[in-house]
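The values are calculated or read from the model by the stated rules, or taken from the named source; none is laboratory data. Everything numeric here is computed off the predicted structure, so don't read it as measured data. With ideal geometry, Cβ positions are generated from the backbone for all residues, glycine too; neighbour counts draw on all protein chains shown. Ligands, DNA and RNA are stripped out before the accessible areas are found, and what is left, the full protein with its side chains, is counted by its heavy atoms. Shrake-Rupley method; radii C 1.70, N 1.55, O 1.52, S 1.80 Å.
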Amino acid sequence: MAIIKCPECGHQVSDQAKTCPSCGIEISGKIMPCPECGEIVFKNQQSCPCCHAPLHGGEAVSSGGVDAGVDAAQAAEVLESQAPTANSVTAAPSSHRKSVTTVVAVAFVLALLVVFGWMYFYKNTQEQNELDAYENAMVSGEPAVLKNFLDVYVDAPSEHRDSVSARLADLKAIDSEWADAVASGSKTAIERYVKMHPNSVHVAEAKIKVDSLDWVAAADANTSEAYRDYIERHADGLYVDEAQSRFEKLDAQKVTPEDEQAINSLFSGYFTSLAAGDEEGLTACLANIMTSFLHKENATKADVIEHMKRINSQPDVTLMNFRLNNDMRITKSEASAGGFEYSVTFSLDQKLEYTDAAKNAFNTYKVEAKVSPDMKIEELNMRKVVL
């Protein structure tokens with residue numbers, strides 16, 4: 001007796017057992033080892049199911065009996081093995097049906113696993129995408145980003161949608177405040193908006209608007225102080241280069257103490273020479289051609305000398321002198337030929353003494369003049385001030 005593997009179901013069974021205790025197939029007298037591979041097979045099979053070698057190729061049964069070398073019992077056994085039994089007829093189809101059913105069941109289970117796995121992965125992915133979009137929306141200052149979240153994630157958790165909706169309402173209110181600040185055109189209103197909403201998306205735009213407003217104010221003032229103030233406030237402003245250029249130009253046009261002293265000395269020398277009849281001292285103060293002298297255009301030095309002689313020729317004048325009052329105003333500008341020219345205004349007192357003291361006079365004149373870059377008087381007009 002030996003323990004074998006049932007050719008039908010594969011369970012272990014004795015080779016002397018009448019039937020397999022697992023599947024009920026007949027065992028005793030119905031099995032044989034495959035002469036090729038040694039696998040236990042049913043005798044009634046024509047070939048080995050494992051190696052497909054023929055099981056009875058060397059045995060022949062005649063119509064009248066069996067070979068002489070085979071006794072009657074063996075012949076009967078051979079004939080019996082060749083005759084199909086009910087079990088042999090149904091064994092193969094039953095086994096096949098079981099195999100097909102198992103494959104179908106396994107395939108169905110695998111399909112379910114794939115479907116549920118994909119659904120689980122898809123759900124997790126969607127939830128993560130929604131969470132990422134929610135977090136991005138809550139830190140965004142763009143109303144369009146929050147509105148897009150509400151449009152796309154209509155099935156998002158209610159707490160997420162409520163938070164995004166509230167955030168969107170806040171941003172719309174802030175946008176309304178920004179629109180009001182811009183419409184006012186007020187630097188104060190814009191700066192107040194930035195102070196109240198330092199994280200607003202409009203902060204950068206607000207800085208640009210303040211920069212522009214400060215530049216307009218500086219340009220309107222058009223003083224070196226105004227441009228310097230703009231540069232200090234907006235070191236990286238849009239107009240800082242232009243402001244620097246204008247500042248340098250205006251700063252160069254500032255009247256220095258040296259300018260004031262030179263111009264004061266120039267007119268003091270002129271009027272001193274005029275009163276003293278000093279022709280050389282007088283002409284040293286004049287440009288060769290004066291654009292205007294006592295309202296005469298293109299006057300020459302000779303015209304000025306003639307004027308000096310005329311006022312000094314009065315026979316009864318014993319004393320004449322001039323005194324510049326301390327009210328000189330000077331402006332400095334670039335000359336067309338280069339350098340700087342000066343526009344000067346001041347008042348001047350004239351004292352006249354006559355041989356007849358009753359005729360003594362005191363006059364005040366308003367003087368308007370221009371001085372060339374080489375410190376020569378190129379324009380001088382006087383108007384008597386009637387007190």
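The helices (runs of 4 or more DSSP H) found wholly in the stretch 217-294 and carrying at least 3 residues that are at pLDDT 95 or above and under 28 Å from Arg323 (Cβ atoms) occupy 257-276, 279-283. Annotation: of all residues in the stretch 329-387 being over 55 Å from the mean Cα position of the chain (by Cα), aliphatic (A, V, I, L, M) and open to solvent by 20 Å² or more (accessible area, probe 1.4 Å), the one that is modelled with the lowest pLDDT is Leu387. Among the residues making up the stretch 189-214, those that are in contact with a Phe, Trp or Tyr (Cβ under 8 Å, 6 or more places away or on another chain) and open to solvent by less than 20 Å² (accessible area, probe 1.4 Å) are Tyr193, Ala206, Asp211. The set of residues in the stretch 125-160 being at pLDDT 85 or above and among the hydrophobic types (A, V, I, L, M, F, W, C) consists of Leu131, Ala133, Val145, Phe149, Leu150, Val152, Ala156. In the set Phe322, Phe346, only one residue is closer than 25 Å to Pro373 by Cβ, not basic (Lys, Arg) and not in a helix (DSSP H, G or I); that residue is Phe346.
Only a single criterion out of (1) under 24 Å from Phe340 (Cβ atoms); (2) loosely packed, with under 15 Cβ neighbours inside 10 Å is not satisfied by Asp236, namely (1). Would you confirm whether any residue within the stretch 281-303 is farther than 20 Å from Asn381 by Cβ and more than 33 Å from the chain's Cα centre (by Cα)? Within the stretch 281-303 (the criterion being farther than 20 Å from Asn381 by Cβ and more than 33 Å from the chain's Cα centre (by Cα)), the answer is yes, since at least one residue qualifies. For the stretch 145-162, the set of residues classified as within 12 Å of Asn129 (Cα to Cα) and surrounded by fewer than 16 Cβ atoms within 10 Å (Cβ to Cβ) consists of Val152 only. Of these, Ala183, Ala144, Ala173, Ala166, which one is of a type outside the set (Phe, Trp, Tyr), free of Cβ contacts under 8 Å to residues at least 12 places away in the same chain and under 26 Å from Ala217 (Cβ atoms)? Matching residue, one of Ala183, Ala144, Ala173, Ala166: Ala183. On the given criteria, is Asp374 of a type outside the set (Lys, Arg) and under 18 Å from Ser265 (Cα atoms)? Considered against the rule, which asks whether it is of a type outside the set (Lys, Arg) and under 18 Å from Ser265 (Cα atoms), Asp374 comes out as yes. When you look at Leu112, is it of a type in the set (A, V, I, L, M) and out of contact with any helix residue (DSSP H, G or I) (no Cβ under 8 Å at 6 or more places or on another chain), yes or no? Yes.
For the stretch 299-318, a residue qualifies if it is more than 27 Å from Gln261 (Cα to Cα) and assigned to a strand (DSSP E or B), and the qualifying residues are Val317, Thr318. Among the residues making up the stretch 1-47, those that are outside any loop (DSSP other than H, G, I, E, B) and of a type in the set (S, T, N, Q) are Gln12, Ser14, Thr19, Ser47.
I'm trying to understand the selection: among the residues of the stretch 278-288, which are in contact (Cβ under 8 Å) with a residue 12 or more places away in the chain and either open to solvent by 40 Å² or more (accessible area, probe 1.4 Å) or of a type in the set (Val, Ile, Thr) (or both)? Within the stretch 278-288, Glu279, Thr283, Ala284, Asn288 qualify. Every condition in (1) closer than 22 Å to Met375 by Cα; (2) free of Cβ contacts under 8 Å to residues at least 40 places away in the same chain; (3) open to solvent by 70 Å² or more (accessible area, probe 1.4 Å) holds for Glu306 except the one numbered (1).
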